[in-house]
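To start, the structure under review is shown below, and the notes come after it.
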Amino acid sequence: MKKFLILLLSAVLITGTFSACGKSSQTGKLPKIGVCIYKYDDTYISTVRQSLEKLAANKAELLLNDGKGDQGTQNDQVDLLIQKGVDVLMVNIVDVGAAQTIVNKAKAADIPIIFFNREPDTDVIKSYDKAMFVGTNAKDAGVIQGEIIAETWKNGDYDTNGDGKMQYVMFKGEPDNPEAVARTEWSIKSATEKGVKCQELALQVCNWDTELANRAMEAWLSKYGNSIEFVVANNDGMAQGAIAALQAAGYNKGDKNKFIPVVGVDATDAAKDLIAKGYMTGTVLQDGSAMADAIFAIAMNIASGKDRLEGTDYKYDETNVAVRIPYKAYNGK
Ligand code: CA
């Protein structure tokens with residue numbers, strides 16, 4: 001009975017901690033980690049958050065905050081976390097342009113800060129010796145996409161008009177977002193380096209959004225029809241929208257002779273499912289649990305006064321303030 005009560009109590013405490021932005025519990029000496037997420041409603045970031053919650057069980061108190069895609073909201077959340085005396089801040093910033101403001105707040109309070117996933121300028125991070133960044137290398141996802149494109153192009157018979165060139169359409173996430181810019185550029189550069197002659201038919205910024213990509217693809221299909229030989233999307237959300245439009249036009253439903261290859265990035269569950277069914281070609285895995293492992297290990301080191309990377313396999317990149325988590329190709333095989 002006593003055991004049961006203790007179990008129940010710890011369950012209550014853990015649940016309390018997880019949902020707890022606000023309740024500064026006095027439950028012991030667990031490190032307090034303030035976590036600001038740019039928005040909960042993002043598939044990849046949700047996997048990071050869930051992995052963090054698992055890692056923190058009985059080891060740290062996570063104070064989680066949903067920035068809801070609004071920098072003003074996130075600034076207030078950072079202020080509140082600082083007031084609560086967190087040991088470390090983890091910030092998945094909404095607007096990278098606001099990073100200096102956040103760094104200044106952390107610096108004034110002498111609280112170490114780990115930015116993750118959305119990357120501020122290196123100069124901003126370097127303006128505070130207790131600031132760092134954990135993310136991917138924006139270029140990598142594009143390079144891996146290019147490798148998938150090259151492999152698919154060589155192994156398949158997708159040159160519908162037989163001109164030896166790959167006519168493609170490109171879905172771009174945001175106009176100036178560094179990830180979007182790098183993926184757009186490097187997917188094609190890396191395919192080209194691998195010998196694919198690429199020709200862009202059209203490019204559309206669709207804000208990472210499935211619905212917008214769906215409409216753009218519909219429009220392109222009626223304009224270009226089967227002149228489109230490849231579809232490249234900066235993320236799986238947009239790839240998914242494109243596939244829905246392709247399927248509505250009779251493509252990518254299992255008939256190999258009516259298939260236009262589509263590649264995305266993120267390895268979302270929806271994309272994995274489409275790949276398993278043979279409706280999508282491949283994606284690039286941004287490993288959310290690997291990201292959570294890294295930021296949690298670093299935060300725990302900081303909280304116990306160790307060097308940030310002590311006892312880990314992580315290494316700083318050439319900036320000396322950033323750690324990069326590698327991407328992987330995913331084709332379901
Ligand atoms: Ca062609």
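The values are calculated or read from the model by the stated rules, or taken from the named source; none is laboratory data. Everything numeric here is computed off the predicted structure, so don't read it as measured data. Cβ: placed from backbone, ideal geometry, glycine included. Neighbour counts: every protein chain shown. Note: areas computed on protein heavy atoms with side chains; ligands, DNA, RNA excluded. Shrake-Rupley method; radii C 1.70, N 1.55, O 1.52, S 1.80 Å.
Here are a few things to note about the model shown:
- Residues of region 252-263 that turn out to be free of Cβ contacts under 8 Å to residues at least 60 places away in the same chain and under 21 Å from Asn234 (Cβ atoms), as a count: 2
- Selection count, region 298-331, where residues are over 19 Å from the mean Cα position of the chain (by Cα) and within 30 Å of Ala276 (Cα to Cα): 0
- Region 24-61 - residue that is of a type outside the set (Val, Ile, Thr), over 25 Å from Ala267 (Cβ atoms) and outside any loop (DSSP other than H, G, I, E, B) and, of those, most open to solvent (accessible area, probe 1.4 Å): Lys32
- Search result, residues across region 278-316 that are open to solvent by less than 40 Å² (accessible area, probe 1.4 Å) and without any contact (Cβ under 8 Å) to a residue 40 or more places away in the chain: Gly278, Ala290, Ala297, Asn301, Leu309, Thr312
- In region 150-199, the qualifying residues are those that are within 30 Å of Asp95 (Cα to Cα) and open to solvent by 40 Å² or more (accessible area, probe 1.4 Å), and the one that is nearest to the ligand (Cβ to nearest atom) is Lys189.
- Checklist (1) of a type outside the set (D, E, K, R); (2) under 22 Å from the mean Cα position of the chain (by Cα); (3) at positive phi applied to Ile295, failing item: (3)
- Every pair of residues 6+ apart whose Cβ atoms lie under 6 Å, when the first sits in region 160-180 and is under 18 Å from Ile260 (Cβ atoms) while the second is hydroxyl-bearing (Ser, Thr, Tyr) and within 13 Å of the ligand (Cβ to nearest atom): Gln167/Ser227
- Among all positions in region 119-136, there is at least one residue which is among the β-branched types (Val, Ile, Thr), in contact (Cβ under 8 Å) with a residue 24 or more places away in the chain and open to solvent by 10 Å² or more (accessible area, probe 1.4 Å).
- Asn104 being more than 16 Å from the ligand (Cβ to nearest atom), open to solvent by 10 Å² or more (accessible area, probe 1.4 Å) and closer than 16 Å to Ala299 by Cβ: no
- As a summary of the residue check, Gly225 satisfies the conditions (1) at pLDDT 95 or above; (2) more than 21 Å from Ile144 (Cα to Cα) except for the one numbered (1).
- Here the helices (runs of 4 or more DSSP H) wholly within region 204-277 that include at least 3 residues being over 19 Å from Glu179 (Cα atoms), away from the ligand (no atom under 16 Å from the Cβ) and open to solvent by less than 10 Å² (accessible area, probe 1.4 Å) are 236-248.
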